[in-house]
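The values are calculated or read from the model by the stated rules, or taken from the named source; none is laboratory data. These figures come from a predicted structure and were not determined experimentally. Because the Cβ atoms are built from the backbone with ideal geometry, glycine has one as well, and the counts that use them run over all protein chains shown.
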Amino acid sequence: MGLHANLGFMAGNRVSIGGADIALRLRPSPWVAVDLGIGAYGGTDYDGNDRVEVPFTVNGLFFFNPQNALQLYGVLGLGVSYAHVEPSFLGSGFDPFSSEFRDFTYFGGQAGLGLEWRMSPHFALNVDVRGFIRSRVDSTTDVPEFVETNAAGSPTGRTSNTSSGVYSTLGATLYF
C-alpha cells in the first residue's frame, strides 16, 4: 500500500492545462497496483476558455518487470470528471451571472505507459504518458460542448460532446 502524488500537464496548439493528483495505491502483488485518486486541474481549453477540472479515477497499473529498480508499467483506468468552464474575456464587460458559465460531467477512460524508479523499498519516482477519451454524461448534453467553425468563424454544423487527448505525469509514491 502507498500514497501516490503526481503533477500532470496537457499542452497543444490551443490547450494548456496542468494540475495534480493524489491517490491511494494498493499493490497486492509486485505485478499489479490499483490507484484510487482525485485531482485538480486548471488552464485554457481547446475553445480558449478558462477551465477547472476535478477528476476521480480508478487506475490499474501492470508492472512488466517488478524485480528491477527501473520498472516499466502499463496503466489502464476509468474516471469521472467535473469541469467548470467560463469564457476568458472576464475583464471586458462580461456578466458573471450570465449563462456563459458552464459545468460539465464526463465519463471516460485512459491508457498509457510509464516508468517507475524504485529508489528504495518505500519510495519511488515515476513518469508516464497517457491517452484519454471521454464523453459528457451531464443533463445538458443536448447543448454541445464543441462546435466546429470554419476560417471565417462560422459554425460548420459539426458538434461533439466527446474529447480525447494525451497528457504526461511526473510523480512519486511513498510505500508503507
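Inspection of segment 58-67 identifies at least one residue that is part of a strand (DSSP E or B), modelled with pLDDT of 95 or more, among the aromatic types (Phe, Trp, Tyr) and closer than 14 Å to ASP128 by Cβ.
Scanning segment 1-31 for residues that are β-branched (Val, Ile, Thr) and outside any strand (DSSP E or B) yields a single hit, VAL15. Sub-9 Å Cβ pairs linking a first residue in segment 147-176 that is touching a residue at least 40 places away in the same chain (Cβ under 8 Å) to a second residue that is loosely packed, with under 11 Cβ neighbours inside 10 Å and part of a strand (DSSP E or B), at least 6 apart or interchain, are TYR175/SER120, ordered by first then second residue. Filtering segment 32-43 to residues that are closer than 18 Å to TYR82 by Cβ and either assigned to a loop (DSSP other than H, G, I, E, B) or touching a Ser or Thr at 6+ places or on another chain (Cβ under 9 Å) (or both) leaves LEU36, GLY37, ILE38, GLY39, TYR41, GLY43.
Listed here are the residues, each with its yes/no results for (1) surrounded by 14 or more Cβ atoms within 10 Å (Cβ to Cβ); (2) at pLDDT below 90; (3) under 23 Å from ASP47 (Cα atoms); (4) hydroxyl-bearing (Ser, Thr, Tyr).
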{"residue": "VAL75", "(1), (2), (3), (4)": "yes, no, no, no"}
{"residue": "HIS84", "(1), (2), (3), (4)": "yes, no, yes, no"}
{"residue": "SER92", "(1), (2), (3), (4)": "no, yes, yes, yes"}
{"residue": "GLY108", "(1), (2), (3), (4)": "yes, no, yes, no"}
{"residue": "GLY114", "(1), (2), (3), (4)": "yes, no, no, no"}
{"residue": "PRO121", "(1), (2), (3), (4)": "no, no, no, no"}
